[in-house]
């Protein structure tokens, strides 16, 4: 009988190490932006870091990163980075301690984050989301891929370019010449540090911490992403997948100094009306100036309406056509033009007497006559013959008296 061959101890150690880590899912990270990004990763408490915690990813490139069972952590993209040969440097957004490899350092806000907690077993679901709670720097989409998907496995993320509609008081503006313009949009918590925005202190529960004016801007632009701390109901998704695709700039956003697609519509309240920005806080921190709206755009002058359209001049009605002059009649029942009535006829067709306005009343109304106006002039007694008869009678009497 031959002796069994001895297996070298080094081989046994290698095989033991190989199977000591059971990989669960693979993250496929793709840069669809028209500029270089530097993805970073951060493992949650109690989980081992991924094989890489930071790297460069040029335009159009993808990288596959395996993860262990039960891994929990974050993945994000840094922009505007400059590292030397030792990996030391700084990023304009998403910086993690000034190093190429983040090595346990989280992303400096504002940053768009992909968050995931993988299941520990074959039957355990994964929980994942895209969060804008710490602000926004790039569009991002995450979706389960690969074979054998179990569960709803919906895609999530934020496709909109919020930087072009970010309120002025939340904007982060690039410092370098090549990055002029808005490069990130802060959360209200970071910008103002108030408990009602940070869901802390007396607002540290879902009942007292409600969506704010600023979180509504993020939520309206990206309905599936977290907009504030207690936005779980519409923002957390579950699946069991062998791969998760994480795509930055899925819609090919442009550089900060160029124009992009139309901004999302402003947030509305429960009645469908635009929400007013909050008043100045108790610390006197500045909000939008009075001459600008919450999105940093000039307010429409008084001659324009809320849609920035010219208001109809006084000679036009609310539908735009010129108003009919007052000298014209309304149209007929069939829309035909009606001729104006004659000036000496009323609306019933009867002739109207000439106007007596501003005329002096005649004597008929001032001093009514004593005699009957219907009596003929021949019947009126004239006094002249009586006077003649009296004169002849007096002359005859005088002559008879002298004789």
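Being under 30 Å from residue 167 (Cα atoms), surrounded by fewer than 21 Cβ atoms within 10 Å (Cβ to Cβ) and more than 37 Å from the chain's Cα centre (by Cα) narrows it down to one of 89, 98, 121, 104, so name that one. Please lay out each step first, then the result.
Numbers: 98 fails: more than 37 Å from the chain's Cα centre (by Cα); 121 fails: under 30 Å from residue 167 (Cα atoms); 104 fails: under 30 Å from residue 167 (Cα atoms).
Answer to the selection: 89.
Condition check ((1) out of contact with any helix residue (DSSP H, G or I) (no Cβ under 9 Å at 6 or more places or on another chain); (2) more than 19 Å from residue 248 (Cα to Cα); (3) touching a residue at least 40 places away in the same chain (Cβ under 8 Å)) across all residues:
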residue: 41; (1), (2), (3): yes, no, yes
residue: 46; (1), (2), (3): yes, yes, no
residue: 49; (1), (2), (3): yes, yes, yes
residue: 52; (1), (2), (3): yes, no, yes
residue: 78; (1), (2), (3): yes, no, yes
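Does residue 189 fit the bill of being assigned to a helix (DSSP H, G or I) and either out of contact with any strand residue (DSSP E or B) (no Cβ under 6 Å at 6 or more places or on another chain) or free of Cβ contacts under 8 Å to residues at least 40 places away in the same chain (or both)? Yes; evaluated as a whole, the condition is true for this residue. Per the conditions (1) surrounded by fewer than 18 Cβ atoms within 10 Å (Cβ to Cβ); (2) part of a loop (DSSP other than H, G, I, E, B), the sole criterion not satisfied by residue 209 is (1). Evaluating residue 164 against the criteria (1) modelled with pLDDT of 95 or more; (2) closer than 20 Å to residue 78 by Cα; (3) within 18 Å of the chain's Cα centre (by Cα) leaves one unmet condition, (1). Of all residues in region 212-230 being without any contact (Cβ under 8 Å) to a residue 40 or more places away in the chain and surrounded by fewer than 21 Cβ atoms within 10 Å (Cβ to Cβ), which is farthest from residue 116 (Cα to Cα)? Among those that are without any contact (Cβ under 8 Å) to a residue 40 or more places away in the chain and surrounded by fewer than 21 Cβ atoms within 10 Å (Cβ to Cβ), it is 223.
The set of residues from region 217-233 being more than 26 Å from residue 120 (Cβ to Cβ) and in a helix (DSSP H, G or I) comprises 217, 218, 219, 220, 221.
Residues are listed down the side, and each one gets a yes or a no for (1) in contact with a helix residue (DSSP H, G or I) (Cβ under 8 Å, 6 or more places away or on another chain); (2) part of a helix (DSSP H, G or I); (3) touching a residue at least 40 places away in the same chain (Cβ under 8 Å); (4) within 23 Å of residue 238 (Cα to Cα):
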position: 85; (1), (2), (3), (4): no, no, no, no
position: 96; (1), (2), (3), (4): no, no, yes, no
position: 105; (1), (2), (3), (4): no, no, yes, no
position: 134; (1), (2), (3), (4): yes, no, yes, yes
position: 143; (1), (2), (3), (4): no, no, yes, yes
position: 152; (1), (2), (3), (4): no, no, yes, yes
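Output yes when any residue across region 29-45 is on the phi > 0 side of the Ramachandran plot and out of contact with any strand residue (DSSP E or B) (no Cβ under 6 Å at 6 or more places or on another chain), and no when none is. Within region 29-45 (the criterion being on the phi > 0 side of the Ramachandran plot and out of contact with any strand residue (DSSP E or B) (no Cβ under 6 Å at 6 or more places or on another chain)), the answer is no, since none of the residues qualifies. Would you call residue 157 part of a loop (DSSP other than H, G, I, E, B), touching a residue at least 40 places away in the same chain (Cβ under 8 Å), closer than 22 Å to residue 42 by Cα and in contact with a strand residue (DSSP E or B) (Cβ under 6 Å, 6 or more places away or on another chain)? In short, no.
Give the residue that is farthest from the chain's Cα centre (by Cα), with candidates limited to residues of region 69-80 that are farther than 17 Å from residue 142 by Cβ and surrounded by fewer than 20 Cβ atoms within 10 Å (Cβ to Cβ). Only one residue fits best here, namely 69. Within region 110-131, the set of residues being within 18 Å of residue 230 (Cβ to Cβ) and in a loop (DSSP other than H, G, I, E, B) is empty.
The values are calculated or read from the model by the stated rules, or taken from the named source; none is laboratory data. All figures in this text were calculated on a predicted structure; none of them were measured in a lab. FYI the Cβ positions are ideal-geometry reconstructions off the backbone, even for glycines, and counts take in every protein chain you see.
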